[in-house]
Amino acid sequence: MMESKSFPGNVDSLDSLREYVGERAQQAGLAKKPTYALKLAVDEIATNIILYGYQEAGLEADFTVLSEITEQALIVILEDIAAPFDPLARELPDSGDLTKSLEDREIGGLGIYLTINGVDEFSYEYLNGKNRNKFVMKIAST
Amino acid sequence: MAFQIESVVGEQVARLTLHGELDSLSARVFQTEIEKIANQPIEALVLDMEDLSFMSSAGLRVLIYSKQKIGPKLAIYIVKPQELIVDTLTKTGLQHSVTIVDQYPV
């Protein structure tokens with residue numbers, strides 16, 4: 001059964017968003033490390049939605065977390081009504097960027113890099129006027 | 001957990017103790033602390049992270065900002081970071097630009 005919860009589109013929501021994702025991860029029986037990785041991934045994408053999708057565009061709106069626990073996985077979908085934005089379309093830092101010293105670093109792209117690296121599956125679609133960022137964490141079989 | 005930060009700024013060393021969760025909201029507080037010390041002749045920035053339980057890329061950006069703002073000679077020490085935060089530093093290659101230690105002075 002899909003569960004749905006909405007949050008106001010500002011950075012004050014991030015704390016309660018992570019707490020909620022943590023609760024769902026616990027219900028799904030995820031271990032500590034994948035739970036942290038999922039919280040981090042959801043936090044990163046939600047931050048982009050809030051800062052760029054909403055605030056930069058002068059849009060005041062909620063975003064919604066849809067989640068479902070199946071036998072195989074915990075599925076989390078972030079839905080927002082900002083302009084279409086595909087996080088996978090931007091260029092990710094490559095190995096050359098990641099070995100640069102701090103003073104030569106460009107600030108950006110790390111959040112999406114951590115997202116994609118942290119979850120088992122990440123996908124994006126724009127559907128019915130909404131951005132849908134989908135995260136899948138597989139549940140280890142016992 | 002709410003984010004908290006304490007700063008002790010000496011002649012050459014600035015020591016910041018971070019508690020709670022560092023996300024794009026709390027990173028603003030962290031960055032403000034860095035801005036306060038940016039024009040001082042600091043040689044080492046010591047970040048005590050034992051009680052920091054979460055750090056997003058917003059926190060990483062403040063680390064990058066620190067080095068760029070204070071200068072390339074700045075040594076950044078991260079004291080006792082939790083394992084999952086070390087993972088983030090490692091994945092993003094930032095562990096090469098900071099020194100992870102169990103205590104400071106080392």
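The values are calculated or read from the model by the stated rules, or taken from the named source; none is laboratory data. Nothing here was measured: the structure is a model prediction, and the numbers come from that model. Quick reminder, even Gly has a Cβ in these numbers, built from the backbone with ideal geometry, and neighbours come from all protein chains shown. Areas reflect the complete protein model, heavy atoms only, side chains present, ligands, DNA and RNA absent. Shrake-Rupley method; radii C 1.70, N 1.55, O 1.52, S 1.80 Å.
Some observations on this one:
- Sequence-distant lysines (8 or more away, or on other chains) whose Cα lies within less than 23 Å of residue A:130: A:5, A:39
- Reach of residue A:138 by Cα under 14 Å, taken over aspartates and glutamates that are not fewer than 8 positions away in the same chain: A:68, A:71, A:120, A:121
- Interface of B with A. Using a 1.4 Å probe and counting protein heavy atoms only, the two chains hide about 2600 Å² of accessible surface, both sides summed.
- Within the straight-line cut-off of under 14 Å between alpha carbons, the aspartates and glutamates reachable from residue A:32 are A:19, A:23, B:83, B:87, sequence neighbours fewer than 8 places apart in one chain being disregarded.
- Lys-Lys pairs in chain B that are eight or more residues apart or on separate chains and whose Cα atoms lie under 22 Å of each other come to 6.
- For segment B:11-106, the set of trypsin sites (Lys or Arg not before Pro) satisfying both a DSSP loop assignment and a count of at most 16 other C-beta atoms within 10 Å is given as B:73.
- Gyration tensor (Cα) of the protein assembly as shown, equivalent ellipsoid semi-axes in angstrom: 32, 19, 17
- Helical mean residue ellipticity (222 nm; -39500 (n - 2.57) per DSSP H run of 4+; nearest 500) of chain A: -10000 deg cm²/dmol
- Taking a ≥ b ≥ c as the square roots of the eigenvalues of the Cα gyration tensor, segment A:17-123 is classed as oblate, since a/c reaches at least 1.5 and a/b does not exceed b/c.
- 37 °C / 0.692 mPa s Stokes-Einstein diffusion coefficient of chain B, Kirkwood radius on C-alpha pairs, µm²/s: 243 µm²/s
- Per residue, the protein assembly as shown exposes 49 Å² of accessible surface when a 1.4 Å probe is rolled over the protein heavy atoms with every protein chain present.
- For GluC sites (Glu not before Pro), the sites in segment B:33-106 that DSSP calls loop and that have at most 16 other Cβ atoms within 10 Å are B:43.
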